Amino acid sequence: MNKLELLADLHRDTERQGPGGQAETRLALQLAGLCERRDLDIADLGCGTGASTLVLAEALDARIVAVDFLEPFLDTLKARALEAGVAERITPRHASMEALNFAAESLDAIWSEGAIYNLGFARGVREWRRFLKPGGILAVSELTWLTEQRPAELDAYWRDQYPEVDTASAKLAVLEHHGYAPLGYFVLPPHCWRENYYRPLQERFPAFLKAHRNSPAARAIVEEQQQEIELYERYGEYFGYGFFIARKCGER
């Protein structure tokens, strides 16, 4: 297996492939004003195994296209949607974020928890805008600095992993620059990282290493994940996931 296949295998049986929580998804829905609306068309981009997709399907009167470029994740999503009784509301779509084929102005909302980094924040909000109807909603969670200053070790690590990491004020300015009116912003609390993401992931490490015969490639992936977890435990007050909710406005 290559690195991408190994990562998919590590994460495919976990509920989440990044920090988040059901309560936080529902809070974002309230800030977006979607709960009172009917007959919605929504795309969940980078849906993974469907943690946010299932909440959207349960909370909204909506048709949801759940997009991910890893088929094993979509297979897990399909099974979970059937078990939750919402499969008829969800259309899984195997596709890359770089090759989306939604019609122009066809979506009431675009949702993407912890996945816009695959394109980059600025590119994502710019390119996805054309798919939204006038007044459509963009809701994304994104790696965000929580302070202006932070330890050099942490700064170097995340700038290497994701050069677009920045403060919330800078992210909001990007949204405004690309024709969105911000509606809300909040920071995911620590349990979204520890209990909801990191702990279940760590529990997978022994079985993952055994399944791959403790290969150097598998060990390297576990070591990378452990490094990130250790950095969060030491420096979590300096960074997190910001949840940004905005409305498409005007013409560009």
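Please find, within the stretch 204-250, the residue that is surrounded by the most Cβ atoms within 10 Å (Cβ to Cβ) out of those that are without any contact (Cβ under 8 Å) to a residue 24 or more places away in the chain and assigned to a loop (DSSP other than H, G, I, E, B).
Top of the filtered list is Ser215.
Please find, among Leu183, Leu201, Leu209, Leu231, the residue that is over 18 Å from the mean Cα position of the chain (by Cα), at pLDDT 95 or above, within 18 Å of Gly18 (Cβ to Cβ) and of a type outside the set (D, E, K, R). Even if it seems obvious, please write down each step before you answer.
Numbers: Leu183 fails: within 18 Å of Gly18 (Cβ to Cβ); Leu201 fails: over 18 Å from the mean Cα position of the chain (by Cα); Leu209 fails: within 18 Å of Gly18 (Cβ to Cβ).
Of the residues listed, the single one that is over 18 Å from the mean Cα position of the chain (by Cα), at pLDDT 95 or above, within 18 Å of Gly18 (Cβ to Cβ) and of a type outside the set (D, E, K, R) is Leu231.
Any chance you could count how many residues in the stretch 81-110 are in contact with a Gly (Cβ under 8 Å, 6 or more places away or on another chain) and among the hydrophobic types (A, V, I, L, M, F, W, C)?
Final tally of qualifying residues: 6.
Does Ala211 satisfy the condition of being hydrophobic (A, V, I, L, M, F, W, C) and in contact with a Phe, Trp or Tyr (Cβ under 7 Å, 6 or more places away or on another chain)?
No, not satisfied.
List the number of the failed condition for Leu40; all other conditions in (1) touching a strand residue (DSSP E or B) at 6+ places or on another chain (Cβ under 6 Å); (2) closer than 13 Å to Ser112 by Cβ; (3) hydrophobic (A, V, I, L, M, F, W, C) hold.
Exception for Leu40: condition (2).
Applying the selection to the stretch 85-94, what residues are surrounded by 14 or more Cβ atoms within 10 Å (Cβ to Cβ) and either of a type in the set (Gly, Ala, Ser) or in contact with an Asp or Glu (Cβ under 7 Å, 6 or more places away or on another chain) (or both)? Walk me through it before giving the result.
Narrowing the stretch 85-94 to residues surrounded by 14 or more Cβ atoms within 10 Å (Cβ to Cβ): 86-87, 89-90, 92-93.
Selection gives Val86, Ala87.
Going by the structure shown, is Ala181 within 30 Å of Lys133 (Cα to Cα), surrounded by fewer than 14 Cβ atoms within 10 Å (Cβ to Cβ) and either in contact with a strand residue (DSSP E or B) (Cβ under 7 Å, 6 or more places away or on another chain) or without any contact (Cβ under 8 Å) to a residue 40 or more places away in the chain (or both)? Walk me through it before giving the result.
Details: within 30 Å of Lys133 (Cα to Cα): yes; surrounded by fewer than 14 Cβ atoms within 10 Å (Cβ to Cβ): yes; either in contact with a strand residue (DSSP E or B) (Cβ under 7 Å, 6 or more places away or on another chain) or without any contact (Cβ under 8 Å) to a residue 40 or more places away in the chain (or both): yes.
Taking the combined requirement at face value, the residue satisfies it.
Looking only at the stretch 141-173, count every residue that is of a type in the set (S, T, N, Q) and in a loop (DSSP other than H, G, I, E, B) and tell me the total. Show your work before the answer.
Of the stretch 141-173, the ones of a type in the set (S, T, N, Q) are 141, 144, 147, 149, 161, 167, 169.
Narrowing the set further to residues that are in a loop (DSSP other than H, G, I, E, B) leaves 147, 149.
Qualifying residue count for the region: 2.
Of (1) surrounded by fewer than 21 Cβ atoms within 10 Å (Cβ to Cβ); (2) at pLDDT 95 or above, Glu71 satisfies all except one. Which?
Answer for Glu71: the failing condition is (2).
The values are calculated or read from the model by the stated rules, or taken from the named source; none is laboratory data. This one's a predicted model, so the numbers in the text were calculated from it and none came from an experiment. Quick reminder, even Gly has a Cβ in these numbers, built from the backbone with ideal geometry, and neighbours come from all protein chains shown.
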